[in-house]
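A.B. asks: This is the structure I have questions about; it appears just below.
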Amino acid sequence: MKKIFILTILIFALSCQIVFAKQEIIEASGSYIMDSTLDETPASATARAREEAKRAAIEKAGVYLQSYSKMVNLELDYDEVKTVAAQLLQIQDEQRKIEPYQDNLLKFTVTIKALVDTNDEERLKTIMQDKNNLEEATERYKKLQAEYDALKNQMEQLKKNYNSANVAEIKKSVAQNNKFFDALLEMEQGNNFYFQKNYQSAIQAYSRAINLNSNFAEAYNNRGNSFFQLQNFSQAAQDLQIAVKLNNFDARIHNNLGSAYLLQNLYDAAISEYTQAINLNQNIFTFYYNRAIAYCYKNNFQAALPDVQHAMQLNPASVEAKNLYNQILGRLN
């Protein structure tokens, strides 16, 4: 039987027809208040202000691209549009400003001018055609932004507690926060390389993120996916095993590890991971489809049948699931 599998990953190669093209220049600013008494650095403050500016630019680009998507009849929600905007945004110019704020505080402001280029048809094709894959990419983008927000909120709380807590401990926590922020920047860079299918550079960026934050489960997951794309399934499994240990409640990681096992002909291990993914989230087509394939590799078509049927219920439009269902029936009859 022909081997078929689906691995949920970051970015996807697709095709669609673009009938309209335009460029838009967007200007946006972001700011950050640095406290020199907490040993914060100008480089870190600038990076945080720049990230705020990029987020504001993506919001503006999203408004433009949402209108564009309607003109070319694309069924995208606003979060998906922002994911596309983040991929298309090209920073053309950056201006930095530092000014006294109060006492030991300095206000860092970064203003960027960015190009949103819908003439880049290949990138639009890559992102927009496959709805399921775009939804997954959107969840990853939202998760990264949530990580940025968490660090921002933590930093604000640390500064509020500065006068009522041990100064050395606060400074230590601030330094760690900045280190984790740098890891997120590397993570974002890795995601961009992955999107460009430059998997070796993505691996290097994810490795830098891991060096900055050894407990970064998502970085291990994404680096594992990059190794997978390079068909280094053994190394992919090693990274994904670490990711599972760091975050045992993420169904996606269990699914990805299952696929790494599957491509090494470790069918029982693959089935176990797919089962854990299903136990964590029973509404994902890919998990049932993948487990059905793993059962087929073991010639256990009786066990594969209910999985592929469940997959078809979750995604009735899937041609792959229908083909697999027919193959399974052929083996059972």
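A.B. asks: Quick check on the chain: helices-only [θ] at 222 nm, where DSSP H runs of length 4 and up contribute -39,500 (n - 2.57) each and the sum goes over total residues. Nearest 500, please.
C.D. replies: Numbers: 13 runs with 216 residues, N = 333.
So the helix-based figure for the chain works out to -21500 deg cm²/dmol.
A.B. asks: Between (i) 22.6, 81; (ii) 21.1, 68; (iii) 30.0, 101, which matches Rg and Dmax of the Cα atoms in Å calculated for the structure shown?
C.D. replies: Derived directly from the coordinates: (i).
A.B. asks: Which order do the peptides 322-330, 53-61, 254-262 come out in when sorted by mean C-beta neighbours inside 10 angstrom, highest first? The partial results should precede the final answer.
C.D. replies: Values: 322-330: 15.8, 53-61: 20.1, 254-262: 27.0.
Output ranking for 322-330, 53-61, 254-262: 254-262, 53-61, 322-330.
A.B. asks: Using a 1.4 Å probe and ignoring any ligands, DNA or RNA, find the accessible area of THR41 and quote it in Å² to the nearest 10.
C.D. replies: Its heavy atoms expose roughly 70 Å² to the probe.
A.B. asks: Could you grab the relative contact order for the range 267-333? Cα pairs under 8 Å, six or more apart, rounded to a whole percent.
C.D. replies: Computed value for the range 267-333: 29 percent relative contact order.
A.B. asks: Let me ask something else about it. Could you pull out the pairs from LYS60/LYS97; LYS143/LYS171; LYS159/LYS197; LYS97/LYS160; LYS82/LYS171; LYS113/LYS143 whose alpha carbons sit more than 29 Å apart here?
C.D. replies: Numbers: LYS60/LYS97 22 Å; LYS143/LYS171 27 Å; LYS159/LYS197 40 Å; LYS97/LYS160 25 Å; LYS82/LYS171 35 Å; LYS113/LYS143 25 Å.
The answer is LYS159/LYS197; LYS82/LYS171.
A.B. asks: What number, in percent, do you get for the relative contact order of the chain if the mean sequence gap of Cα pairs under 8 Å and at least 6 apart is divided by its residue count? Numbers along the way, then the final one.
C.D. replies: Values: 503 pairs, mean separation 51.1, N = 333.
Normalised by residue count, the contact order of the chain is 15 percent.
A.B. asks: Still on this structure, please answer the following. Within the accessible area of the chain, what % is carbon and sulfur when the probe is 1.4 Å and the other protein chains stay in place? Write down the numbers at each step before the final one.
C.D. replies: Working: 7410 of 16150 Å².
Roughly 46 percent, rounded to a whole number.
The values are calculated or read from the model by the stated rules, or taken from the named source; none is laboratory data. In this text, all values refer to a predicted model and were calculated from it rather than measured experimentally. Counting neighbours? That spans all protein chains shown, and the Cβs are built from the backbone with ideal geometry, glycine included. Areas reflect the complete protein model, heavy atoms only, side chains present, ligands, DNA and RNA absent. Shrake-Rupley method; radii C 1.70, N 1.55, O 1.52, S 1.80 Å.
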